[in-house]
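Peer 1: What follows is a structure written as structure tokens; I'll ask about it next.
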């Protein structure tokens, strides 16, 4: 087991994991740094950092707008790497990147993934890479000890067991069809999906897409090992801009307590 997988597993040792997501560079990288520190201090167990991309196909309007704000502010992959180097001086919680295959390809997969390892990124989530095509990245991720995190969606059906068997780090279970965003209720039968995952894997499973309230988080935590929240946090960045870190810290505290 690589040290990265170890570190990700630590995130699930402290009760149910709360996993916030933030788009790097929205509205600027200083705010991202302040928000990440606030999240870590407020009890986040693992933090997902989004590297902005011009066509984020899995994202709803909230996170898409954050990507546009970050890109128009001139955020490039190298600047995000520098941000993580800076954060790793004092932030010890596991951190993973969420981005798109194109970002990794255009940077150079080997160079991108080896840099992740060097700066202390524990895993990589690429929502636009289907399970069948993960071999383009998996050998490089393994070489450098960066977990390639698998997504399982309600439409994965017969493939759920197969994806779970090979999953590393943690499994990102997508709660509902469509794109990220706050939903008033989650109707998918997630319980039976989690049962199939559990039959095939010991890898922790966290549920994301559509969770925004402490009540929803508590409900999702009953059936899984953790909860991922993105849009609700990005909304606070939209609302409070450079002052958002304080509000994000309070929100993370409230969500972690609910778990």
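The values are calculated or read from the model by the stated rules, or taken from the named source; none is laboratory data. Keep in mind the model is a prediction, meaning the values are calculated, not measured. Quick reminder, even Gly has a Cβ in these numbers, built from the backbone with ideal geometry, and neighbours come from all protein chains shown.
Peer 1: Tell me whether the range 228-240 contains one or more residues that are out of contact with any helix residue (DSSP H, G or I) (no Cβ under 8 Å at 6 or more places or on another chain) and not in a helix (DSSP H, G or I).
Peer 2: Within the range 228-240, one or more residues are out of contact with any helix residue (DSSP H, G or I) (no Cβ under 8 Å at 6 or more places or on another chain) and not in a helix (DSSP H, G or I).
Peer 1: Which residues, taken from the range 206-219, are closer than 23 Å to residue 164 by Cα and within 16 Å of the chain's Cα centre (by Cα)?
Peer 2: Passing the criteria: 206, 207, 208, 209, 210, 211, 217.
Peer 1: Over 18 Å from residue 63 (Cα atoms) and either modelled with pLDDT under 95 or touching a strand residue (DSSP E or B) at 6+ places or on another chain (Cβ under 9 Å) (or both): is that true of residue 221 in this structure?
Peer 2: Working: over 18 Å from residue 63 (Cα atoms): yes; either modelled with pLDDT under 95 or touching a strand residue (DSSP E or B) at 6+ places or on another chain (Cβ under 9 Å) (or both): yes.
In short, yes.
Peer 1: Using beta carbons and a limit of 9 Å, which pairs, at least six apart or on different chains, have the first residue in the range 132-157 and on the phi > 0 side of the Ramachandran plot and in contact (Cβ under 8 Å) with a residue 40 or more places away in the chain and the second one buried (at least 22 other Cβ atoms within 10 Å of the Cβ) and not in a helix (DSSP H, G or I)?
Peer 2: Note: pairs meeting the criteria are 145/122.
To keep it simple, each residue is scored yes or no on (1) touching a strand residue (DSSP E or B) at 6+ places or on another chain (Cβ under 7 Å); (2) more than 24 Å from residue 129 (Cα to Cα).
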{"site": "11", "(1), (2)": "yes, yes"}
{"site": "14", "(1), (2)": "no, yes"}
{"site": "24", "(1), (2)": "yes, no"}
{"site": "53", "(1), (2)": "no, no"}
{"site": "57", "(1), (2)": "no, no"}
{"site": "85", "(1), (2)": "no, yes"}
{"site": "89", "(1), (2)": "no, yes"}
{"site": "97", "(1), (2)": "yes, no"}
{"site": "103", "(1), (2)": "no, no"}
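Peer 1: Just to confirm my filter: which strands (runs of 3 or more DSSP E) fall fully inside the range 1-100 and include at least 2 residues that are on the phi > 0 side of the Ramachandran plot? If you could, list the steps in order and put the result at the bottom.
Peer 2: Values: elements: 17-23, 47-50, 95-98.
So the answer is none; nothing clears 2.
Peer 1: Then there is this: Hey, can you tell me all the residues within the range 197-214 that are in a helix (DSSP H, G or I) and either closer than 18 Å to residue 64 by Cβ or modelled with pLDDT of 95 or more (or both)?
Peer 2: The initial filter retains those residues of the range 197-214 that are in a helix (DSSP H, G or I), namely 197-200, 214.
Within the range 197-214, 197, 198, 199, 200 qualify.
Peer 1: Could you check residue 93 against (1) touching a helix residue (DSSP H, G or I) at 6+ places or on another chain (Cβ under 9 Å); (2) crowded, with 20+ Cβ neighbours inside 10 Å; (3) closer than 20 Å to residue 145 by Cβ and say which number it fails?
Peer 2: Exception for residue 93: condition (2).
Peer 1: Among the listed residues 65, 38, 70, identify the single one that is touching a helix residue (DSSP H, G or I) at 6+ places or on another chain (Cβ under 9 Å) and either surrounded by 24 or more Cβ atoms within 10 Å (Cβ to Cβ) or over 24 Å from residue 210 (Cα atoms) (or both).
Peer 2: Numbers: 65 fails: either surrounded by 24 or more Cβ atoms within 10 Å (Cβ to Cβ) or over 24 Å from residue 210 (Cα atoms) (or both); 38 fails: either surrounded by 24 or more Cβ atoms within 10 Å (Cβ to Cβ) or over 24 Å from residue 210 (Cα atoms) (or both).
Only one candidate passes the filter, namely 70.
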